[in-house]
Amino acid sequence: MLFSQIVRRSPQWKRAVAEAEKLVSYSGSYLSLQSSLSDEEANLALSVRKLLGTKHPLLQTAKDLFYNGNNSIQTRGLVVLLVSQAANDLKRSLSGSQPSTSAGTDCSEKILTKQRHLAEIVEIVYTANLLHRGVLDVAQMTSGNVEKLKLGNKLAVLGGDFLLANASVALANLCAPQVTSSVAQGIADMSEAEFLSLKHPDRALPQDLWDRTIYLQSGSLLAHSCKSAILLADLDDQSLLDNSFTIGRRVALIYALSEILTTNGSVNNKRETPEIDMSRQETFDWLENQGKLAIESINSSFPSSSGAVRSLKQIIRALSDRKCLV
Amino acid sequence: MDFLKRCNGSTLCYFTKRCQRACFSALAYKGLLPESMMDLAYGSTSHTVRRMAPQIALRRSCATTLIQEQLKSKRELPQFVQQHLDRLQLEVTGALAGTVNDVILYGVHRPAGAVETPSNKISFELQEMAKYYFSQGGKLYRPTVALLMAASCSHDRMLEAVSENQYKIAVVSEMIHTASLVHDDVIDESDTRRNRPTVNALWGNKMAVLVGDYILAKATQLLCSIGNAQVVSIMAQIIEDLVKGEFMQMGVRDSSSEARFLHYMQKTYKKTASLFANSCKSVAVLAGCNENIQRTAFEYGKNLGMAFQLIDDLLDFVAQSATLGKPAGADLKLGLATAPVLFAAREYPELDRLILRRFSESNDVQKAWDFVLNSDGLRQTRQLARQHCEEAARLIAFLPNSAHFGEHLTDLAMSQLDREH
């Protein structure tokens, strides 16, 4: 979610993420689900270059995506994959066989193809939302070449639509209407988040409102996706589903809180994570507490011998442990 | 030709162009109009009216009677279809607000107490924006087609032949259509639609885009509640086709006139006909029809959709702005070369250059407009639309319940040619 801010990431976090990526054979991109671009689509994508020199948000987003590999998006895909693997490990342990413990074994089988597709869908949806949130209103087109800014808008809308269409088709191909419905709820919530942000554009938000905004903006999709990963593993125990939902929600919250705390520099783009009206100390406390609760949730449902579970807990600790925060 | 008998022939009356065209259209529809007078029914221009009016003596009352007859003879929709359509706005509002019991509609258990999320308390503004187009009294054309097709595919000849799931398809098709309209208005920078301001004109571009996403997401959920994976796939294809169609519209190819025309037809399929075709196919699937019937339903929808768009493109040249609800000549101003233009380009190769540069130079729009009106393009467009209407009408006989509802589907197909907006 943060583009032009500089987020300082601790070495622990980087290490945790690197290990997790290896564990789940994370390719780091979602190109496998993209249908091949037609001539017109490719031409339009290249048209982004015409925006050079303007301040259209699309330009920055494109740069972040292609050159920096937007971390927050990839982390979400990674979390879904980890939960998927944890769920599969759980299923195996329930039926008596060994869960996966190391990255050296045949990792790719530990996650179902459908679950991989789900993770990619989640990334696609977040990216689409990024693009759509970068559309400018006419009133904002005050400086620079207005024609180019209008082109930027067209590209942002179409690009986002293209991604959403891909995601819709891929979701349909999962042949799991419950999953599709869940992810759709995530998309609806992301739209609603923007409306909330409209109402409070500048000032810092009180805790409950901030919590609600973050839930809608990123927590909902991640929560629904984690739950969907469980469903795709053919597990339907209600408390497990509820717990996975909660885990996803907490991870998104933890991620947002850690971003607030580790950013330096000022927020210069209103699309980004809103400021919170809490003292730094209170925020730290909240973050740490959420981290502990998340780990408890994981422990209560998933086998601790699972490599994926360990990896997920490591990531959470790296984000929420006070010692890890710079 | 009863109306002529009622007229004593000695009184000349000049009645309005609309009146006149309605009369002649009715006659043509019934196959009663001589060939020489065909152009009076189909797209007569004002100079034609003025030429012909002195030669045609009709009492105003005769004309009015004829229109009344025409309206009577135009079939009313079956009652259950009308009832479903009347309910539609309410259904959409419910789907948008997510007020239906989650477990039933979405099959999603919302974890109790896990989060006090306000997802089921949608912001008031968001609801207002999302409902905006639905509360304007649109034609509800797509749901009508879906409902009639559902009835025509039913095997058991009952009057109440539309299932709840098929009704959901009708609602979903309208929601998908509306979501695409919202985005199209942002892309085209349109300020008015149906004579009212667009969503982006009222609330800004960004909000309009996100409202479109919201409507689409809710439509997806309603679709999933049907619980049929095949139908979800079929309808998801519409969403992909809509986007691809939009991309196709943005690109202009430097190629032969034939290739350009093919491109236009493919784009028209993706942007318009796909929704009709796939909705029809979905209701056929839900009716338990075999693949042949499904394909028939698909082809009906596709031909209907193609005719619909061709007439739309035609009306952009001939209709008045007020009737259209948006400024006429909009396609040219957007740089789009539609069927009338492409046909005209065969007569006037000078149009090719204008097409390639998307009418971007000053006076291009006016020049292209004049070319089109002076060419045979409009008539050829109408002719092509007619071919599609007739193909659609031909397919109806193969549907299981066509004996009861086939006439309505025929009306829908053929009435495209009479549309004024």
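A few remarks follow.
- Calculated FRET efficiency, A:Asn43 to A:Asp137, Cβ-Cβ distance, R0 = 35 Å: about 0.85 to the nearest 0.05.
- Distance (nanometres) between label positions extended 7 Å along Cα→Cβ at B:Phe124 and B:Arg357: 5.3
- Under a 5 Å amide H cut-off, with hydrogens placed 1.01 Å from N, B:Ser154 pairs with B:Asn401 among residues at least 5 apart or on other chains.
- Note, ³J(HN,Hα) from phi for region B:396-406, Karplus 6.51, -1.76, 1.60, rounded to Hz, x at Gly and Pro: 4, 4, 8, 7, x, 10, 5, 4, 8, 10, x
- Amide H contacts of B:Arg193 (H built 1.01 Å from N, in plane; Pro and chain starts excluded): B:Thr198 sit under 5 Å, all sequence-distant by 5 or more or on other chains.
- Virtual spin-label span in nm between A:Ser239 and A:Ser93, 7 Å along Cα→Cβ: 1.5
- Proximity of backbone amide H atoms, modeled 1.01 Å from N, is registered between A:Ile276 and A:Leu205 at under 5 Å, excluding neighbours fewer than 5 places apart on the same chain.
- A:Glu282 paired with A:Asn145, simple spin-label distance in nm, labels 7 Å along Cα-to-beta-carbon: 4.8
- Each of B:Trp369, A:Trp210 has some number of other Cβ atoms within 10 Å of its Cβ, and from fewest to most they run B:Trp369, A:Trp210.
- Listing A:Leu293, B:Leu310, B:Leu126 from fewest to most neighbouring C-beta atoms within 10 Å gives A:Leu293, B:Leu126, B:Leu310.
- Theoretical gain in end-to-end length, B:Glu291 to B:Glu420 [0.36 nm per residue, Cα-Cα removed]: 42.9 nm
- With a Förster radius of 45 Å applied to the C-beta separation of B:Glu347 and A:His200, the computed FRET efficiency comes to 0.15.
Laboratory data are not the source of any read-out in this text; all were calculated from the coordinates shown. Note that the coordinates shown come from a computational prediction; the quantities given were computed from them, not determined experimentally. Heads up, the Cβs are rebuilt from the backbone with ideal geometry, glycines too, and the neighbour counts pull from every protein chain shown.
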